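The values are calculated or read from the model by the stated rules, or taken from the named source; none is laboratory data. This is a predicted model, so every value here is computed, not measured. Neighbour counts are summed over all protein chains in view; Cβ atoms, including those assigned to glycine, are modelled from backbone coordinates with ideal geometry. Heads up: the accessible areas ignore ligands, DNA and RNA and are worked out on the full protein's heavy atoms, side chains in. Shrake-Rupley method; radii C 1.70, N 1.55, O 1.52, S 1.80 Å.
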Amino acid sequence: MLKGKHIILGITGGIAAYKCATLTRLLIKAGAEVQVIMTPNAKQFIQPLTLSTLSGKPVISEFFTANTGQWNSHVDLGLWADALIIAPATASTIGKMANGVADNMLVTTYLSAKAPVFVAPAMDLDMMRHPSTVRNLELLRNYGNHIIEPAEGELASHLIGKGRMEEPENILKALDRFFAAKEDLKGKRVLITAGPTVEKIDPVRYISNFSSGKMGFALAEECASRGAEVTLVAGPVTLKTPEGNIERIDVTTAVEMHDAVMKALPESDAVILCAAVADYRVENVADSKIKREKTQNPVIQLIPNPDIARAVGQAKRPDQVTVGFALETDNEQANAQGKLERKNLNFIVMNSLRDKNAGFQVDTNKVTIITDRGETIEGECKSKRDVARDITDVLYKYLTEK
């Protein structure tokens, strides 16, 4: 899928820059045309001559070529590129990208680029988890950049942790997959639920859960990026609607979410039920705030909310694909398998709160996909955007094989 593509490879000043010789060679071998842009510090780690030899193009580092005075136009480069890869991306460059500090050729080109941008961070583990780096990476995600998560292992400091730039072969796969999958869901309508629901107790209190909606929104972004028309039914979250052909419907309660889903169901080819829906709601919501001084040990009577997954499973047509989620704390696989069968799902995405960095309020997830065909697909801990890609890959197979 990279044959004939124009790729800008931006290299910054980190020890992982040596891997870019391999990455350049792999891109050229895949049929891409590669233009390398280096920051001044990157030249301390790998020679421009090596990269110009491998790419077949002079390496660009400054705004003009010193010996000829030739101007290197960041605008022209931004228009030329089909993709921009920044690998390794240091904490400094990530900060400049996030905040628009255009003090070198690479960041200036990034700010002019019209093409998708892939960022492969590489730094020591304490820098990687520093609040400023976490914030800057989240800003880049919100801007629409694709973050290629670093791997865990021994770092240049000899500490062990997350911060190793992803291997060149895997960066190549991410690019290839992006171009290959861009339109594979074109013409399909995908209905997705995301976030929590909120059930009022009185005008100031409610029952809810810790769902942030990040997994559902990542799925909406992934499906839309692959050409699908997405209907996103979202509970109360603070997330922005991802770019793409996405119709967002905001709801508060489980009843409202149920009604929105059932209304959109007939026109949908697939339904992904990612929301953390409250199982119960308060039978008699108080009209005014319940006062501690006036009420001793108040009793709140709960009644069941509509079971959205069961309702979808009962109403769906044979040509529709339904996907559920199961967040478990014990007997995970057995509970997920039971839910798969009870709700008449095609496959279910199971994750456990016992897995570190998985579940609510975090940017990563670790899931196991269980299908009605007897398959069990074990995943690794990765960004929710990457998990969304894995889930959508399985969805695509169901949609094309039906």
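Hey, what's the chain come to in accessible area per residue, 1.4 Å probe, Å²?
Using a 1.4 Å probe on heavy atoms only, each residue of the chain averages 49 Å².
Would you look at the GNM of the chain, springs on alpha carbons closer than 10 Å, and say which of G100, G324, G14 moves the most?
Maximum fluctuation in the GNM of the chain, among the listed residues, is at G100.
Any chance you could run the full-extension gain for Q296 through D176? It's 0.36 nm times the residue separation minus the Cα-Cα distance, nm to one decimal.
Length difference between fully extended and current span is 36.9 nm.
Mind listing the long-range amide H neighbours of Y206? Cut-off is under 5 Å, sequence gap 5 or more, other chains count too, H placed in the peptide plane at 1.01 Å from N.
So Y206 has HN proximity to I201.
Taking 35 Å as R0, compute the FRET efficiency from the Cβ-Cβ separation of R317 and K114 and round it to 0.05.
0.30
Checking the cross-link filter: which aspartates and glutamates have an alpha carbon closer than 20 Å to that of K3, excluding same-chain neighbours under 8 positions apart?
E33, D82, E169, D176, E183, D184
Enumerate the calculated ³J(HN,Hα) couplings along the range 95-107 in order (Karplus 6.51 cos²θ - 1.76 cosθ + 1.60, θ = phi - 60°), each rounded to whole Hz, writing x wherever the residue is Gly or Pro.
Each residue of the range 95-107 in turn: x, 5, 4, 5, 10, x, 8, 8, 9, 8, 5, 5, 5 Hz.
List every residue whose amide H lies under 5 Å from the amide H of E247, counting only residues 5 or more places away in sequence or on a different chain, with H placed 1.01 Å from N in the peptide plane.
The answer is V230, T231, L232.
Show me the ranking of peptides 283-292, 208-217 by mean Cβ neighbours inside 10 Å, starting with the highest.
208-217, 283-292
Want the number for D307 to E243: 0.36 nm per residue separation, take away the alpha-carbon distance, what's left?
20.0 nm
Mind ordering 156-166, 383-393 by average Cβ neighbours within 10 Å, highest first?
For the peptides 156-166, 383-393, the packing ranking is 383-393, 156-166.
Carbon and sulfur: what percent of the chain's accessible surface (1.4 Å probe)?
Carbon-and-sulfur percentage of accessible area, whole number: 50.
What distance in nm lies between label points placed 7 Å from Cα along the C-beta direction at E183 and I377?
A separation of 2.4 nm, rounded to one decimal place.
Starting from the Cα of L49, step 7 Å along the direction of its Cβ; do the same at F360; then give the gap between the two resulting points in nm.
Those two pseudo-labels are separated by 5.9 nm.
How many nm is it between the label spots at Q333 and D250, if each spot is 7 Å from the Cα in line with the beta carbon?
Placing both labels 7 Å along Cα→Cβ, they lie 4.2 nm apart.
Please work out the FRET efficiency for the pair K29 and S73, using the Cβ-Cβ distance as r and a Förster radius of 25 Å; give the result to the nearest 0.05.
Computed FRET efficiency for K29 and S73: 0.35.
Using the Karplus curve 6.51 cos²θ - 1.76 cosθ + 1.60 with θ = phi - 60°, what ³J(HN,Hα) values do you get for each residue of the range 192-205, in whole Hz, with x for Gly and Pro?
Result, ordered by residue: 10, 9, 8, x, x, 10, 10, 10, 5, 9, 8, x, 10, 10 Hz.
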